[in-house]
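The values are calculated or read from the model by the stated rules, or taken from the named source; none is laboratory data. Just so it is clear, the model here is predicted, and its values are computed rather than measured. In this analysis, Cβ positions are derived from the backbone assuming ideal geometry, glycine residues included, and neighbour counts consider all displayed protein chains. These accessible areas exclude ligands, DNA and RNA; they are computed on the full protein's heavy atoms, side chains included. Shrake-Rupley method; radii C 1.70, N 1.55, O 1.52, S 1.80 Å.
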Amino acid sequence: WWGGRLPHRSADRKRYAQLQARLLKLAREREGSLTVLEAAADGRMTVEKAEEILRELAVRGHVEVRVSDSGMMVYHFPEIERWDEKRWAKPVDEL
């Protein structure tokens, strides 16, 4: 269910990367949160492909999966939400 399969052929990997980039841009426009249906509709892809990409990002730790009070699944991108923290980041050896 969460495992997702990354594409193996070069053309498939390129298409997957393009779709993933489209979803990341959309997440940035939406202040860091997306549902699968938003991702599919606004990312111009099937619901299945949007869900596959969002799940893969979650498996890799780039996205948090949240559930609203009504049960809606929301894919949340903490790094996008807190992009302004980048300028205040400290070197690891100073922590």
Can you tell me which residue is nearest to Q20 (Cα to Cα) among those in segment 57-78 that are touching a helix residue (DSSP H, G or I) at 6+ places or on another chain (Cβ under 9 Å) and in contact (Cβ under 8 Å) with a residue 24 or more places away in the chain? L57
Taking R13 as meeting all but one of (1) touching a Pro at 6+ places or on another chain (Cβ under 6 Å); (2) open to solvent by less than 60 Å² (accessible area, probe 1.4 Å), write down the number of the exception. (2)
Which of the residues that make up segment 15-52 are in contact with a helix residue (DSSP H, G or I) (Cβ under 6 Å, 6 or more places away or on another chain) and among the small types (G, A, S)? A27, G32, A39, A40, G43, A50
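Residue by residue, here is whether (1) part of a helix (DSSP H, G or I); (2) touching a Pro at 6+ places or on another chain (Cβ under 7 Å); (3) loosely packed, with under 15 Cβ neighbours inside 10 Å; (4) at negative phi holds:
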site: R28; (1), (2), (3), (4): yes, no, yes, yes
site: I53; (1), (2), (3), (4): yes, no, no, yes
site: H62; (1), (2), (3), (4): no, no, no, yes
site: R66; (1), (2), (3), (4): no, no, yes, yes
site: V74; (1), (2), (3), (4): no, no, no, yes
For segment 34-51, which positions are of a type in the set (S, T, Y) and either open to solvent by less than 30 Å² (accessible area, probe 1.4 Å) or at pLDDT below 95 (or both)? T35
